Structure formats: C-alpha cells, structure tokens
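Only one structure is covered here, and it is reproduced in the block below.
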Amino acid sequence: MKYAYYPGCSLSSTGIEYDMSTKKVAKSLGIELWEIPEWNCCGASSAHLTDHLLALALPARNLAIAEAEGLDVAIPCAACYARCKATEVEVKNSQEMKKTISEVIEREYAGKTQARALLDVFVNDLGLDSISALVNKPLKDIKVASYYGCLLVRPPRLGFDDPEDPQSMDQLIKALGGTPVEWAFKTECCGAAHATTKSDVGFSMIEKILTAAKEAGADCIATACPLCMNNLDMRQSQVEAKFGKNYGLPVFYFTQLIGLALGLNPEELGVNKHFVNALGLVKKLLEAEGRRDTA
Amino acid sequence: MSEITKKIQEIAREILEKGEAEIVIGWEKGTFWYLSPPAFIDKPEDTQRLVWDEFCHNNLSKYLLDYKNHEGKVAIFVKGCDSRAFNRLLQDKQVDREKVVLIGIPCTGLKDQDKAKSLGPNGDIPKAQKCMECKYPTPLVYDYLIGGEEALNEVAATKEAPDFSDVKAVEEMTPDERYDFWTKQYDRCLRCYACRNVCPACSCRECIFDQTRIGWIGKANNSSENQFFALTRAMHVAGRCVECGECERACPMDIPIMLLNKKLIKDINELFGKYDAGIDPEGKLPLGHFDKNDPEEFM
Amino acid sequence: MERIELTAALAQGQELLAEVTRESGVRASKCYQCGKCSAGCPVAFAMDKTPREIMRLLQLGLMDEALQSHTIWLCACCDTCSTRCPREVDIARVMETLRIIAKKKGYVAEKKMDLFHDLFLKSVEKHGRVHEMGLILGFNISGMQPLKDAHFGPSMLLKGKLSPLPHTIKDNGEVKKIFANVRKRGGKV
Amino acid sequence: MSVKEIPQNWEPKILVFACNWCTYAGADLAGLSRLQYPPNIRILRVPCSGRVNPQFVIRAFQRGVDGVLVAGCHPGDCHYVTGNYFTRRRYLLMQRLLQYVGIDPERFQARWISGSEGPKFQQVVNQITEEIRAMGPNRKLRDAQ
Amino acid sequence: MKRVGVFICHCGSNIAAAVDCEKVAENAKSFPGVAFSTDYKYMCAEPGQDLIKKAIKEHKLDRIVVASCSPRMHEPTFRRCIESGGLNPYLLEMANIREHCSWVHPDDKERATFKATELVRMAVAKVLKNEPLDKSTIPITKRALVIGGGIAGIQAALDIANAGHIVDVVEKEPSIGGRMAQIDKTFPTLDCSACILTPKMVEVANHPNVNLITYSEIEKVEGYVGNFDVTIRKKARSVDMKACTGCGTCYQKCPSKVPSEFEMEMMDRKAIYTPFPQAIPNKPVIDRENCRYFKTGKCGVCQKVCPTNAVDFTQEDELVTERYGAIVVATGFDLFDESVYGEYGYGKYKDVITGLHFERLINASGPTMGKIKRPSDGKIPKNVVFIKCVGSRDEVKGKAYCSKTCCMYTAKHATLVREKIKDSNVYVFYMDVRTPGKGYDEFYTRTTDQFGAKYIRGRVSKIYEKGDKLIVRGEDTLLGRPVEVEADMVVLATAMVAKSDAAKLAQMIGFSYDQNHFYTEAHPKLAPVETHTAGVYLAGACQGPKDIPDSVAQASAAAVKVCGLLSKEEMPTEPIISAVDEAICAGCGMCVPVCPYKAIDMKVIQERVHGKTISRKVATVNSGLCQGCGACTVACRSAALNLKHFTNEQILAEVDALCL
C-alpha cells in the first residue's frame, strides 16, 4: 500500500506530533507514505472565505503532483482533507473547472488522484482486522471520546462517514482494545480559528465539547484535526480558567492511540508534546498492562 | 489468408461439426473483389468459403428473419453494428436468443465499396462513412468472440464520435434549399425498396408500402410519393436505426438515406436524452414511452 | 422599530441578491424558514441574527442588513446547517459568499477575523506555507493585543511546535503564480 | 413556377386534426361563443391526438392542403391519460423532420387547446391562417394532380 | 353499391342565416355514393327525424350523413334515429356546420357555404367506409373484493354488503382493524378509537354478505372490469379456524416471546398469538419464524394444551382463485423510517418515540395500561416535546409532501399529556399548523389556550442525551433565538408513507401510482376514487395521507361506485375499439407499452406455413379494457392495429375528400 502524503502546515509546527505519529504508525502497519515534495499550503479555512477559485487552486497543485506520480493522497489534517476533497470533486465533475484549474496552477490535474482522509485509509483500506492483529498493548479500560469535528464528515458529499453519528474512529478505538464512549458531540464544531480571533465565542464552543466528553465518562479525547487539537488541548487550561472547571482531559491524535496500542514508544509518538498531560494516562495504561502480565 | 478468416472458418466448422447450429451465416467472396456477400453454410467442409475482409458489409442479423420458422439453431457472425441490429430484433421480439449462436468480430472498420470499385484494388480506399462515425465497433452481444477480450479493447480505442456535421450542413440551408436538395435526391428513387429489404429495423410481416388495399401510397413513382415513402420510412425507423448504413449501401441510386436517419438520431438525443438503438434489448424505445418533462413546444 | 417598505427593498436588493445567487448557486427562495439551520448552529448563541434570519433578509432583498451583520463573520463554516437543511439550501455557502461580497463593499463587521484570514493568505503567498508563529504574532500585534496567547510561546518552542523562522518552499514561485493567476481572473485576493 | 408566387383568389386550406375531448370541444365553444375566425380550416375529428398518424399529415400535404395543425388536450389532461404525451414526442420529431426536408415550420404546427379554451382556438386559427396566407400555396410534397 | 343519404339542417336560422343550406344539399348530390340529399329546418326535431327514417326506406339508403350541430350534441340522437329507421347506428356521420361553420363565419355566406359543402364531402367520404358495429356486453360477476381490512376497507365492505352484494375482504394481518385499532383516541372529539372501531369490526365479521379472509395476500390478478380473476394466498395459520374456540389457552402457555408489532415492540406477544385482545377473527396464528416447534422441532406446547385439537403444524399455504366484478384497494399506509434522522437519535435514544408509540403508551390496554411512562425507565415524563413534520415536507431526507394528519394528532397528543400529567410541560415544534377540517382549528386553539401546550415555530436540529434528559435544540423562529428544552420524552410526528409493497400490488392489478408510491386516482377532482383501470377503486391512505373521516368518506364513495357496477347484469362495451389483423401483426409488441389501459396482450396463434404448423405471437385487444383512443394504431408501423370507426382508411378518405 502506497500513498502520497500531504502533511499540511500544522503538522510541521503545532501539530508536529500528528506528523511524527502518522509516520511511525504507517511504517509499523506497512503503509508507504511518499511525502509530496515541496507541497504548499492548501489555503485551509482562509482561502475559501476570500476567493472560491483560490480555494480550489491551492490544493490542486499538491494533487497534481501526486497525480503525476499516480498516487492517491493520504491527508491527516481534517481541514486539509476537506479542501483537497472539494477540489477533487469539482474538477472531476466539471470539464470547465478542470481546464480553469490547470491554467491557474500551470500544471495538469484531471481529478484522477483522490484525496483521502488518513483515518479513512486506516479504517477502510487497511482495515480494522489488520490493525487489531498487530495490537500488542490494547487500550484496555481506556474510555475514549472520538471527536471527528466538522470536516471529516461534512458536507456529506465530501465526507466519508455518517455526518450525524460517525463510527469509523469509534470502531478503530474498539479495534485497539479501548472503549469508545457514546456521546452527542462527535461532530459538533470546536469553533476553529474563533479561539484565536474571537476567543469568548471560541472558548464557549470548546467548553461545550469538553463538558460533554467529561460527562460521557471519557478518560481522553481522540481527534483527527490539528486545529481541533489546539482548541481542545492547548486551550483547555484557558477554558478551565474562564469557566471555572477542571477537565484534565488528555487529547490524542488517533494515530498516537494506534501507536500506543502497537506498543510504540510514547515519546516517538510525541505524546510528551501535549499541553494537557497525556503521559499520566499512558503510564496508567502501561501499569495496568504490567499487572495483567504478572497476574 | 488473414488470421481472422482462419479463425472464423475454424469456429464455423466447429459449430457445424458439434451440431451447435445447423446453419452458419457469414460472408464469402463474391463476383468482384470489393464485394463480400453473405454465405449460408450448412456443411462443415463449406466453411472454407467464409472470409473476413474489409468488405463484409452485410448486416447478417437481418437474415435471421428468414429463419424465424426454422426449428434448429442458426449461427451468425456479428460486427458491432450487426450486434446492435440483433439486439434490436430481440427488442422487437423477432428473434429468439436461445435459437441463435452469435460469433462476435471486433471490427476495425470496413472500406467504402463504391470507392473501391472506382479506385481499383491498388488504390487508397477510404473507410466507409458509417465506419468513420461508428460508436460501437465491438459486438455488444456474442457467444464466441474472435480474437478474445483483448481485441475488444484494441478496437474500442479506435472508435470515433459522430459529429453530425453532414446533418448540420443540411440544417443550415434555407427551407427551399433543403426542399430542392431532398427533391433531387428522392426524384432518383426507384422505389425498389432495397433499403427496406436490407434494413434490420424493417421487421414487419407486411410493409405498409405493400398494403394496396389501404392505399397508403400511390403506385406512381413521382416526387410526392417518393417523399411520402422517405419520410414515413424515416419515422418508422426513428429510435430503432442502428446506423449500420445498409440502406444507403443497398440503394442503387446513391440516395443519402442515412442523412435522414441521422437527423432523427440527433433529434432524439437532443429532445429525449441520450439514446443509442440496439444497446439494451430490454430498454424502452424513444417512441414507445414518454417523459412528463419532455420539451414543451406546443403551448 | 423602523417599518420596511417591501417593494422598494426588493427592488433595491435585486442586483446584489442575483450576485449572491450566482456566486453561491443557492436560491434564497428555496428556504422555507423552518429554522433548523439556526437550531443546530454551534455559533448561533453569539450571532446578532440567526442564519435563518439572514436567509429571510435575502428573500426580501434586504441585502445591506445581511451584509452588515456579524453573523456572516461568526459563521465557523462547520456546514452543520447545510447538512441538515430539509430544502437542500447550502447556507454555509451563502455565508461564505456574503462575506466575500461584504468585504468588497467595505462592510466588515468583524475586523479581527478578516485580518486573520488576510494574514494567513499573505503568509501562504509569501512562503508557500503558513508560518504559524508569524501568523499568530502578526495577528496579535495587528489586533493590538501583542501579549495575547504569548504565554504559549515558550512552551511551544520547547515542544518543537513553533519554529521561529518560516519554512519557505522551493517551488520556483509556483504558489505566487497561482495567486497572480487568480487575480488575473478577477479574483478578490 | 416560383414557390412564392400567390395566385389570385387563392384561399389557404388548413386541416386541423382535433381530439374529440379537448380541442374539438374548444372549437365547439368558440362556435357557441360566436368567436369569428376565417373559414379556411377544416376540422377532422379523432378520438385523441395520439391517434394522428404522421402518415395522415404527409398525405394531407400530398393532396394539397397548405397547412396542418394537430391539436389535443394539454399534457396531463388527456382523456386517455397518456395519449398526448406520445403525441408530443412523435410530433416534436416529425416537426423537425418535416423542416429538415424543406417544409416551412409554419405549415405544420401542433398545439394544446382545451375544451374551455374557445378563445385560444380562435386565436390559434387566426394566427395560422394569417401565417399561411402570407406564405402562399404549399407546393412542397404535393402530388401532381 | 352504397347509397348515402345527406340531410342538411337549418337549425332554424342558426345555420341557414350563414350557410345556404339548399345549395349545400344540392352540391352533395354530386358526391360519389350519394343517393339522396335534402335540407330541413330542424333535423333533430321529430319531423326531421321522421324525414330521415322515411328517406331510408324510400331511397334504400344504407348510410347517413347529417350536417347540423356538433356531434358532441346530437350524435346519440341521430344514431338512435337511424337505428329506428333500420340502420346500424354506426353508419352515421355528422358534419358540424353550426359550431364550426355558421356560428363562426356569420358574415361571408359564400365561403361559409363552400366550407359547409366541403365538410359534408368529408363526412360522405368517411361514411362510405363506415362499418356496422355492434355494442357487445360483458357479464358482471356480482362479487366485490376489498383489499385491506382497516377502517377504509371495513367501511367499503359494509356499504357494499348492505346494498346486497357479496364482498370478500382480504387482510394481510391475522386480524382486521388496521392502524385505527392501534390508535387510542380520535381527533377532534377525543372519543375512544376502539369504541367506535370494534363495533364496525364485529358488524363486518357477522355480516351475511361479507367473507373475511385474514392472514392472506393477493397473489395474482387477471381479467378486467366485471371479471377479475384474483388468486389469494391464504397463509398457513397453523390453527384450524373451525375447531378453534378462541379460548386463549395456547398463547397463555406458549414459551416463545416476540416483540409485539401491534404494541410497537414495547410489549411482548407469544409465537402463537392474536395481535390484540379485540382481534377479529379472535383466533390465533402461529408465527412460524419465532415458534420453537418450527425452529427446533421440539415444543408443541400449544398443541398439547389446546382443548379442541385445533393446532395443526402441518397446515400449508393455500391458493384460491375467485372471480370478482370490482375491486376496492384499501391497503393503507406505513410509517416513515425515522432512523434516517441521525440528528434525532431515533432508535438510539429510547425516549425518542413516534406518534404511534405514543398512541400505545396512552392506551388503557397498551404496555403501560394507559399511564404515560418513558420507555427507558418507566418514569412519568414531565417535559414532553413533540416534533412535527418528521419525514414530511423534507425533500432531502424524507418526503416532499405534507402528511396531513400530524398537526391534528400532535395537538391531540399534546392535549392528552396535559390532561393526564397535571404538572407537565408540553412543547410542540412546528413549521405550520394546518387544521382544515370540521372542528379542527377549534381543537388546536383549545390545545394551546385551554391545555397550555407551548407551540414553538421551528424545526428541531438536534436531540441528544444528557444524563436522563433529552436536550432538544431548536430555533424559536418567531423570536429569532436559538432555544433548548430539557425534555424527558420526545415524540416525533412521523410522515405517512405508502406501503412498502404498494407498487407491487399496483403493477399486479394494473393501475398507476405516483413517485411516492401512493395510488393515482383517475382524476384529482372529478374521479377521486376511481383508478384508470375500470372496476378498480381506491379508499383510504393508500391514495395519499388521510385521516379517519376522509378515509371513511372515500371508502363509502368507492362502495357506491362498486354498487353501481354490480347493480347491472352486464355492461355494454363501446364498439369503437382497436382490432388486430393477425395476418399482418408481426408480434413486435410496440403497441403494448403505449396502451394506457393495459388492454393489449400478446397471445400465441398457430398457423400453417409450407405444410408445417408453426406458432407465433400476435397482439390481442381486450374489448373490456380498450377505450378506443387509438394510440396503438400509430405505434403499429404495419397498421396491423386499426381503430374501428376511426380507421386508417376512413381518415385517409376524409383527408382526400377535403382536397378534391
């Protein structure tokens, strides 16, 4: 299995542990990732609010490079995925758009290369059975709130899972030996950049999600989006302060959870890079493991 | 002998020897080098008469109508257009699929018979008009396939889309010019009905042009009656013509009959949505059903 | 409350409404005002008008009121509204379109949000990628809040999450060309 | 003789195929309402516009009518449920075919006229008669007699 | 030699003022075949008719043309006239020289006269080719079939039976009663549904003219009006209906529990069961899929305990074929599958239920004995939310149409909650309140005013669980504010949809249905209970969403249509129909799909060709079904099909005559 790999800007800075864990896990699972050379920013949430064509053209360059290589693109970041997918679908459905885009990016992109969310690739291409077969440190007794956010599932024509009650990450958690919790905020929006640009609004959106996860009895949250990660992890202490709450909810990229279950070194997965201490939970997990081994 | 000719002889022999069919209809060389008329073979040793070359124009599916009451099985060779004709006959319930063995030949296009005649065997003979616009060079239905599936792909890659430029040229004339154009064409018509006789869409037991007691058409061979014949026939094959071009080839007076048929094909596609006759034997005919949202021009 | 004269409003708004329809591909008349969009909108609590009210303003041609609203800027583009709309109205797309038009007309009700996106795209045009540290610093400085979020800086750097220098890609100016080509086609970048 | 030349005292002759349930009734209503129109049309009553075989239309041109109108119920209102939908398909094609062989579009027309549309019947007949009068006698497709 | 008589009517001065009638009569004398021609002041009056009859005799006329008013006016008159003059009525043609001539060309007598002459010539040309036609009759089987034993079917059956005709009612379920049996109370009167339904069920069961055929389905329908041959599959009940006394011992002892469909799976039934206590017939069936004996071969408890040895495991499905003169289709509706609304969590959250669940919850014989309790924990809900238009008016996830009944039943539910739970709060999320019915709006007004239900205008976007509460999020669109309710229970007003097998039945019988699979009436205003297939009528919600009063009204209307048909011994058929010339027909079947009445079938004929007998297929027209539109005649390229009285030859003759 070989895919072109588009990490996106966040994965080289705030989301660096997503990049680290993706690469580690892919290797362990036997997925070859070919990082698109000199990839550019997809424009994420800013381009489409400014100019429709720009929003389609920026991802197109990356897709075009992958298409020349004959590979589909695996994309960890949910926002990047949504933008790339939008471009793929528009180009596929309109000859005219195909022509325009090729002219703007000065490269050929025919819409043949598909944008794929990394989660989709793991769950549906590789398959849960192949993953669970390799699990040696199951996430036993860990209750995980799978947080999909908006852009993996919406709009439904671009998403790959049910927009109201997606299951792919929950099934993955189960395959890793963990316990997915039932909760209603799986696809509720975290406010994206609002936490930065309009923090009172952004924070209260984050608060609702953290509260719901806590109430659902989760030990941690799993996510597939660096911006969601930022909001739920980095902003968690700010939200706690503002609303006078105490969540202490570690947030993981789903790739990190796979890595942990595969028995990879937590530091190599960047688990030490979170703002909310995640190592505590990992330690608890390893201790429980040890107890089971001795018993 | 060409590779394909060898193969068709072999398969025809095998079919007859095994008794899979009692008669094999294929092509053989005729009186002239540029003719390959149909051959009706019922003995294995006669299969050596069969040929495949660039003049195997006859749409053999039509001959199945002659075997409607035949009890045993008949095997025929089909090019892309012949197979469409076969599907059409199935759709018209004129043949029984169980009673026919179809041997498909992926066709790379035939040569223009008339041009061959005038240019001679060494001339650079162009493709037949119908083949230049053929969308389905490979058989759509068959029991055996000459050359296997690869041949299908090779041939399919050569297909060209019709652009209806000839139809458009007529459409661009003024009404009077068009009338003069067609009058000139149909003034030549002898009403020999050769076009009808070779047409696989003409499957009536009794053609209305033969129904003297109703008097649809006068006996006189004049411009008016000829045009009645032309228009009526065009309407009768509308949505059913498989573009095999046999009518035009059979016409002794070189009337561009396909130019009428293609007009109807073009209009059907534009008015009622994409439709190619003889693709789906179970499908609905353009004039056999309707859509409540058909274009409305008669308000 | 000011009374609206409906026929004049409609006449006045016609042209802009047509632009919204053209650019977004959404006919406002499809909306039957059920409010499901606003009921599910995660940002509705902070809006001055619910998304449904924006659709209503469009239906009546009250374009300025729609374009001057905070709602169109507060929309987080989460697509919940469009996903659940029983009339297949892509409300999120309408918000996006209104925001682009509002900017063109100089109605920017949420200046900071607009600034963020501008800086973001500037960074992309310049470097080919977003330089997150530069973006956040630039945003907070231009937004007159130089110290906001500053406390994250040191730990970020420590965790290797922010690089002080931008990463510029070697693309022979391809990304700049994309921006240029979009502008050539009348893009509002 | 040029096609365009109009002989003196010539009156156009126009054949109307009218379905019994709508257009024929519409023509009756025009009569009941005393709505005048030129006496150039001849109505041939058929049960349904779907009964009108294109061969009848060509035959009429052969025998010397100057224009043909096929008229029936509005789509959706057919007394026989679906007849006029077939009419519509058939004559959309036929109309194009006739024009393709040089018949002027005015010579062959199709219209939906309901039983309550007396005024529409009058208006259609007026319009067609005027159009054809302006064009002169039809000689296309006409037999020698 | 044919001898045509031509009669020109003056219609007083109606024609004569604009047309020179004498001249027309004179002109007609020269037309081929005309043996006699005259004009008269009033042809339709008795002296005029006598004139025609006398001329037939005196001039040995064998065909008649009357030029007068529109045939739509007096064709029947003159047909009767020539019939009493000794001619076949179809040897008449009329030329319409009044509506189509004199009245529209009052100012140009010369040209009007010319036109009248031509119209007469066309009529003469046609009549020369007319053939005598005979009205035939088809016998009518005096027995009606009602498909569906819900309230519509019951009503239709009772009305037909009371008129003295035999009716068979076929019901798919083990008992008649349908949806109405599941409903607790009826709006707007709030009388108990069972109290008004069960007497009707008993009445129909005991009616000497009614045969109930329950637990049975329609397998095949052939034939046509007056003579439908219907094959009915009587599913194996595994209980001998004659021996069973309905004592109920079997289902008390049966060890297999199955969620009860009737109780919306909120309660169990047994594998041998009657759907509800007042079931008719009150005799159980064995649900073989869930029966221990049929699954494992062991058990047989019911058989052992049955005091009359009525349980019979060896019973098999039985096919019976019966002939009916008319059919009433009253198959009812299904409920929309709400699980497509992931945002409402139906199926995931136990306390999100449908209106029909709610009906069972408030029903005294339901799972909670009429106490409103939450399905999840049995607690009495305090805050109840109702959501309307779930599946209705939603072209994306549901149906574009309005289900018509939900506004009223939701108002009823709201009232009942407020009545039964004194400290309750009721919120109804709605888009519109539609109450066009007698007493309906008054009921709605009471719901809000007297019973204090809060109506919130807005569609709900999401429901989620928080602790033991359901959070319902909506917008109050009248306020323009997002709102939230912490509810204990949510009731969805589910759309009414067509039965899942509705299309199959329609195809089997041969009538049309719309894109939602509701059955199509012959005319939306003037033939609302007929289908396009003669002898088949519609009643109830199978034709579209309907409440009980509408269903009952339509059922009675359908019954009248059936009675009208069955009151005759035989039915005349119009002789103007299509006919097949088998010698010409090539059997291509092009005519079949264009026939709106499914009157054309293919049949096999035998013929001798070169000394061999071969068989081939040709088209055949069913004279009971053909209505004479002639669509098939144009579809047939070889003119093997021809429409009598409007033959190809006749129309061509008219065209030719016009141009002489």
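Quick notes
- FRET efficiency for A:Glu35 and C:Lys148, using Cβ-Cβ distance with R0 set to 35 Å, rounded to 0.05: 0.55
- Over 23 Å [Cα-Cα, segment A:86-225], rounded percent: 48
- Rough spin-label spacing in nm, given labels placed 7 Å along Cα→Cβ, for B:Lys6 and E:Thr314: 7.0
- Using a simple spin-label model with pseudo-atoms 7 Å out from Cα toward Cβ, E:Glu222 and B:Asp143 lie 3.3 nm apart.
- Only Lys, Arg, Asp and Glu carry charge here, each on its Cβ (+1 for the first two, -1 for the last two); on that basis segment E:160-212 has a dipole of about 80 debye about its Cα centre.
- Dipole of segment C:6-104, positive direction: furthest Cα of C:Trp73, C:Ala8, C:Pro42, with charges on the beta-carbon: C:Pro42
- Adding -39500 (n - 2.57) for every DSSP H run of four residues or longer, then dividing by how many residues chain E holds, sets the calculated 222 nm ellipticity at -8000 deg cm²/dmol.
- Amide H partners (placed H, <5 Å) of E:Ile8, local residues excluded: E:Thr38, E:Asp39, E:Tyr40, E:Ala67
- √(5λ) per eigenvalue of the Cα gyration tensor, chain E, largest first, Å: 63, 33, 22
- The GNM of chain A, with springs linking C-alpha atoms under 10 angstrom apart, assigns the highest mean-square fluctuation among A:Asp120, A:Asp51, A:Asp170 to A:Asp51.
- Considering only B:Ala234, B:Pro256, E:Leu478, and ranking their Cα positions along the charge dipole of the protein assembly as shown that arises from unit charges at the beta-carbon of Lys, Arg, Asp and Glu, the one farthest toward the positive end is E:Leu478.
- Rounded if a/c under 1.5, otherwise prolate or oblate - segment E:236-315, Cα gyration tensor axes: oblate
- The Cys residues in chain C with no partner Cys Cβ within less than 4.7 Å of their Cβ are C:Cys31, C:Cys34, C:Cys41, C:Cys75, C:Cys77, C:Cys85.
- Rounded FRET efficiency, nearest 0.05, which uses the C-beta distance separating E:Glu289 from E:Glu322 and R0 of 30 Å: 0.60
- Look at the Cα gyration tensor of segment B:165-272: its axes a ≥ b ≥ c give a/c of at least 1.5 with a/b at or below b/c, and that counts as oblate.
- Under 20 Å from B:Lys43, Cα to Cα: lysines that are on another chain or at least 8 residues apart: B:Lys6, B:Lys7, B:Lys18, B:Lys29, B:Lys73, B:Lys99
- A simple charge model with +1 on the Cβ of Lys and Arg, -1 on the Cβ of Asp and Glu and nothing else charged puts the dipole of the protein assembly as shown at about 1580 debye relative to its Cα centre.
- Amide hydrogen proximity for C:Ala76: with H placed 1.01 Å from N in the peptide plane, no residue at 5 or more positions away or on another chain lies under 5 Å.
- Relative contact order for chain E: 13 percent, from Cα pairs under 8 Å spaced at least 6 residues apart, divided by residue count.
- Short-range pairs are left out: with C-alpha atoms under 8 Å and at least six residues apart, the relative contact order of segment E:255-376 is 17 percent.
- Computed FRET value (nearest 0.05) for E:Val592 with A:Ala288, which takes r as the C-beta separation and R₀ as 60 Å: 0.25
- Cβ-based charge dipole, the protein assembly as shown, positive-most Cα from B:Phe164, E:Ile548, E:Ala95: E:Ile548
- Segment E:386-439-segment E:7-59 distance, computed between alpha-carbon centres (Å): 69
- Modelled spin labels at B:Trp33 and B:Gln211, positioned 7 Å past Cα toward Cβ, are 4.8 nm from each other.
- Helix E:151-162 vs. chain E, principal-axis angle (Cα, 0 to 90°, nearest 10): 50
- Relative to the Cα centre, the charge distribution of chain E, modelled as +1 at Lys and Arg Cβ and -1 at Asp and Glu Cβ, gives a dipole magnitude of about 1240 debye.
- For chain D: rounded, prolate or oblate by the Cα gyration tensor [a/c cutoff 1.5]: oblate
- A simple count of charges around A:Pro180, restricted to other residues whose Cβ falls under 12 Å of its Cβ and scoring Lys, Arg +1 and Asp, Glu -1, yields -1.
- The length gained on full extension between E:Lys371 and E:Phe451, counted as 0.36 nm times the residue separation minus their Cα-Cα distance, comes to 27.0 nm.
- Value at 222 nm in deg cm²/dmol, rounded to 500, when DSSP H runs of n ≥ 4 in chain C each add -39,500 (n - 2.57): -16500 deg cm²/dmol
- The protein assembly as shown: antiparallel DSSP beta bridges as a percent of all, rounded to 5: 40
- Sequence-separation-based contact order of segment E:448-515, relative, with Cα cut under 8 Å and 6+ spacing, percent: 19
- Pairs of Cα atoms farther than 44 Å apart, the protein assembly as shown, %: 63
- Only helices enter the 222 nm calculation for chain D: every DSSP H run of n ≥ 4 contributes -39,500 (n - 2.57), and dividing by all residues gives -12500 deg cm²/dmol, rounded to 500.
- Full extension of the chain between B:Glu150 and B:Tyr275 yields a length gain of 42.3 nm, computed as 0.36 nm times the residue separation minus the alpha carbon distance.
- Taking 0.36 nm per residue of separation and subtracting the Cα-Cα distance, full extension of the segment from E:Lys2 to E:Lys397 would add 135.3 nm.
- Label point 7 Å beyond Cα of E:Met602 along Cβ direction - residues of segment B:73-98 with amide nitrogen under 12 Å: B:89-97
No lab work stands behind these numbers, since they all come straight from the coordinates. Being a predicted model, the structure only gives us computed values, none of them experimental. In this analysis, Cβ positions are derived from the backbone assuming ideal geometry, glycine residues included, and neighbour counts consider all displayed protein chains.
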